[in-house]
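Bear in mind these aren't lab numbers, they're just calculated from the coordinates by the rules spelled out. Remember, it's a predicted structure, so these values are computed and weren't measured experimentally. Reconstructed Cβ throughout: ideal geometry from the backbone, glycine too, with neighbour counts over all protein chains shown.
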Amino acid sequence: MATLDDVVRIAESLPDVIMKPAWGMRMWRVHDRGFVWERPLRRTELDELGTPAPSGEIAAVRVEHEGVKQALLVSGPDRFFTVSHFDGYPAVLIRLAAIDPDELEELIVDAWLDRAPRRLADAWLAEHPPA
């Protein structure tokens, strides 16, 4: 089970990351490009989702493209979901209570790699080769 504290820890462990609030919520950015943010559901989204609307802490994470988004939504409906606000936008919402911190870290690192300048991402990958 992950928490927003895990989001903070993971995001702020990556190079050149700053937290800059957006829309009244914390958003972590690399070179002013957001990659993960806290994202409580709005009243209209709760109405849209109805009874199965998740409760608890929620984060949003940028993904590489719509195909990755759809794959996550299909493979992990207990962990990942979306709302109409994100239609056509490469990001998923995460039920933090339903995700393992290691999987959360992988998602955040992937989002950071996608948004970071290529040289920064390449330098980081050279020091942290994929397993």
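Extension gain ALA123-TRP23, at 0.36 nm per residue separation less the Cα-Cα distance, in nm?
Gain on stretching ALA123 to TRP23: 32.8 nm.
Counting other beta carbons within 10 Å of each Cβ, put ASP6, ASP110 in order, fewest first.
ASP110, ASP6
Cut-off 10 angstrom, C-alpha nodes, Gaussian network model of the chain. Which of ARG62, ARG26, ARG119 fluctuates the most?
Greatest mean-square fluctuation among the candidates belongs to ARG119.
Please arrange PHE86, PHE81, PHE35 by counting, for each residue, the other beta carbons lying within 10 Å of its beta carbon, fewest first.
Ordered from fewest to most neighbouring Cβ atoms within 10 Å, PHE86, PHE81, PHE35 come out as PHE86, PHE81, PHE35.
Against the longest principal axis of the chain, how steep is helix 118-127, in degrees 0 to 90 to the nearest 10, with axes from Cα atoms?
80 degrees
Averaging sequence separations of C-alpha pairs under 8 Å and six or more residues apart, then dividing by the length of the chain, give the relative contact order as a whole percent.
The value is 29 percent.
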